[in-house]
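The values are calculated or read from the model by the stated rules, or taken from the named source; none is laboratory data. Keep in mind it's a predicted model, so treat the numbers as computed, not measured. Positions of Cβ are backbone-derived with ideal geometry, glycine not excepted, and every protein chain shown enters the neighbour counts. We work out accessible area using only protein heavy atoms, side chains counted, and drop any ligands, DNA or RNA first. Shrake-Rupley method; radii C 1.70, N 1.55, O 1.52, S 1.80 Å.
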Amino acid sequence: MATKSAPPRWDRKMQQRLARGEAAALGELYDRFASLVHGLAHRVLGDEEAADGITREVFAHVWEHPDAYDPRQGPLRSWMAALTHRLAVQRLRATETAALTQGTDAETRAEELERKVRHASVAARADYIVHSMPAPLRAALDLAYVQRRDYRQAAADLGVTEDEARRRLRLGLQLLSTAHDAGTPPGYGGAV
C-alpha cells in the first residue's frame, strides 16, 4: 500500500497508466484520493450531493485528460486538490449566478415584501376612504358588508327608499374601488 503523500515516481507511473486507459489505475486513484476530493468539494459547497457531483467530475476529468497533470509541477495529490477546488468554486459561482438571474431567495423575499407592502397600502387606503366618506354612505356599506343586509333591508334600516339605498351602496363601492389606485391616501405620509 502506498503512503499518503505519493512519491513523484508513483505520480508519474499513475499518469502514464491513466494515459494508456487502464481502468485499474483510475480505481487506485479513486481509492487513494476520493475522500480528499469529496472533503474539499463539500467544504467549498456545503452540500453532500454537490460534493458527490464534483467528485465525479474530478475523476472523469482525470480519466478523460490524463496528460493535463504534469508530474514536474508537483504531486498528483496537490494537482487533484487544486482541480477539485477550481471545479467546486466554478459550481458555486454558477449556482449563485443562476439563483440571481432566475430568482433568488432574496429576490423572492423582495417580491413577497413588495406584495405585502401593496396589500398594506390598499388596506390603508380603503380604511382611509371608508373613514372619510360621508356617514350615510358608510352606514349603507356597513349594513351591506358587515351586517350582511341586502339593499332592501338596508333601505328599511336607514329609513330611505330602495333606490336611495342602491345609490349609496354604489357610490360607496365606487369610492372603495379607488383603494387599488397607486399612491398613498392623503394624510398617510403622502401629499395632503
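Numerical summary
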{"quantity": "Extended-chain gain in nm, criterion 0.36 nm per residue less alpha-carbon gap, Asp31 and Thr178", "calculated": "45.9 nm"}
{"quantity": "Linear extension gain, Arg43 paired with Tyr145, 0.36 nm per residue minus alpha-carbon span", "calculated": "30.8 nm"}
{"quantity": "Separation in nanometres of the label points that stand 7 Å from Cα toward Cβ, at Gln73 and Ser132", "calculated": "7.1"}
{"quantity": "Rounded accessible area per residue of the range 1-90, 1.4 Å, Å²", "calculated": "59"}
{"quantity": "Backbone N within the range 45-79 under 13 Å of label point (7 Å from Val89 Cα along the Cβ vector)", "calculated": "45"}
